[in-house]
Amino acid sequence: MDDRPDAAAYSCPMHPDVRQSKPGACPTCGMDLVPEGARFRLVRHMFGNPRHIAIMAAVMIAVMAAAMMMFG
């Protein structure tokens with residue numbers, strides 16, 4: 001493991017202090033290491049487009065309305 005902070009390219013999603021310069025498994029939990037910056041790539045993508053935010057809000061409202069009708 002390389003101790004230089006700028007040399008690491010892969011980290012554990014559950015243990016961000018575990019960093020390695022090549023792919024592998026986390027020595028703490030065994031999860032696959034992911035490229036740094038990939039942990040929140042989908043979230044940044046989803047919230048980066050106003051249309052995605054509107055779709056997510058509409059789906060949440062529809063699910064909540066259905067749950068209220070079923071259980072309310």
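The values are calculated or read from the model by the stated rules, or taken from the named source; none is laboratory data. All values derive from a computational prediction rather than experimental measurement. Positions of Cβ are backbone-derived with ideal geometry, glycine not excepted, and every protein chain shown enters the neighbour counts. Quick note on the areas: whole protein, heavy atoms, side chains included, nothing else; ligands and nucleic acids left out. Shrake-Rupley method; radii C 1.70, N 1.55, O 1.52, S 1.80 Å.
Listed values, structure above:
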quantity	calculated
Some residue of region 40-48 being modelled with pLDDT of 80 or more, among the charged types (D, E, K, R) and open to solvent by 60 Å² or more (accessible area, probe 1.4 Å)	no
Every pair of residues 6+ apart whose Cβ atoms lie under 8 Å, when the first sits in region 52-72 and is without any contact (Cβ under 8 Å) to a residue 12 or more places away in the chain and within 17 Å of Leu42 (Cβ to Cβ) while the second is in a helix (DSSP H, G or I) and of a type in the set (A, V, I, L, M, F, W, C)	His52/Met46; Ile53/Met46; Ile53/Phe47; Met56/Met46
Hits in region 1-39 - residues which are at pLDDT below 75 and of a type in the set (Asp, Glu)	Asp2, Asp3, Asp6
Filtered residue count, region 49-62, keeping only those that are in a helix (DSSP H, G or I) and either touching a Pro at 6+ places or on another chain (Cβ under 6 Å) or loosely packed, with under 12 Cβ neighbours inside 10 Å (or both)	9
